[in-house]
Amino acid sequence: MGIFSSIKEKLFGKAEDKQAAETITADAVKPATADMAATPTAGKDAVVTPVENRPVTTTPSQPVDVAAILDAAVAKNGQKLDWRRSIVDMMKALGMDASLQERKELADELGYTGDKSDSATMNIWLHKALMKALADNGGKVPADLLD
């Protein structure tokens, strides 16, 4: 698994975990009792799918709020991290290795063609490219970070 995949999993996985907690199945719902004499019957050619087999979701799938998840990760981390401007701080907030080697690997994954020995320029490019890649993959990223 690549660095970008790890970042995406850490961000989107947290949102999926929350959404999974809000998803129930029909098995978990007790059926109401009714007078069966008043219930219409299906014709002989009708195909009926049992209710137990159909999942019931309480909320529709929505884009993952990247800013909210990262803000919460920074708060939980306890360090003063500026993930909105620093790729290093963003990676630290997610509990990842933010070493130069890891950032160079991420730069390769995202298609960086500049000089990787100029880490300041690479880091600025990486942050912007990562925000765009997250947005392209279902993340809701603040507009000011997509410039």
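Can we say Lys92 is touching a residue at least 60 places away in the same chain (Cβ under 8 Å) and open to solvent by 20 Å² or more (accessible area, probe 1.4 Å)? Spell out the reasoning first.
Details: touching a residue at least 60 places away in the same chain (Cβ under 8 Å): no; open to solvent by 20 Å² or more (accessible area, probe 1.4 Å): yes.
Judged against the criteria, Lys92 is not a match.
Annotation note: Cβ proximity below 7 Å between a residue of the stretch 108-132 that is over 21 Å from Arg84 (Cβ atoms) and a residue that is part of a loop (DSSP other than H, G, I, E, B) (sequence gap 6+ or interchain) occurs for Glu109/Gly2. For residues in the stretch 80-89 being surrounded by fewer than 18 Cβ atoms within 10 Å (Cβ to Cβ) and within 19 Å of Leu145 (Cα to Cα), which is nearest to the chain's Cα centre (by Cα)? If we take residues in the stretch 80-89 being surrounded by fewer than 18 Cβ atoms within 10 Å (Cβ to Cβ) and within 19 Å of Leu145 (Cα to Cα), then Arg84 is nearest to the chain's Cα centre (by Cα). Scanning the stretch 124-141 for residues that are open to solvent by 30 Å² or more (accessible area, probe 1.4 Å) and not β-branched (Val, Ile, Thr), we see that the one that is nearest to Ala67 (Cα to Cα) is Lys140.
Among the residues of the stretch 97-107, write down those that are small (Gly, Ala, Ser) and within 11 Å of Ile87 (Cβ to Cβ).
Selection gives Ala98, Ala107.
The values are calculated or read from the model by the stated rules, or taken from the named source; none is laboratory data. For clarity, every value in this text was computed on a predicted model and none was experimentally measured. Here Cβ is always computed from backbone atoms with ideal geometry, including for glycine, and neighbour counts include all displayed protein chains. Ligands, DNA and RNA are excluded from the accessible area calculation, which covers all protein heavy atoms including side chains. Shrake-Rupley method; radii C 1.70, N 1.55, O 1.52, S 1.80 Å.
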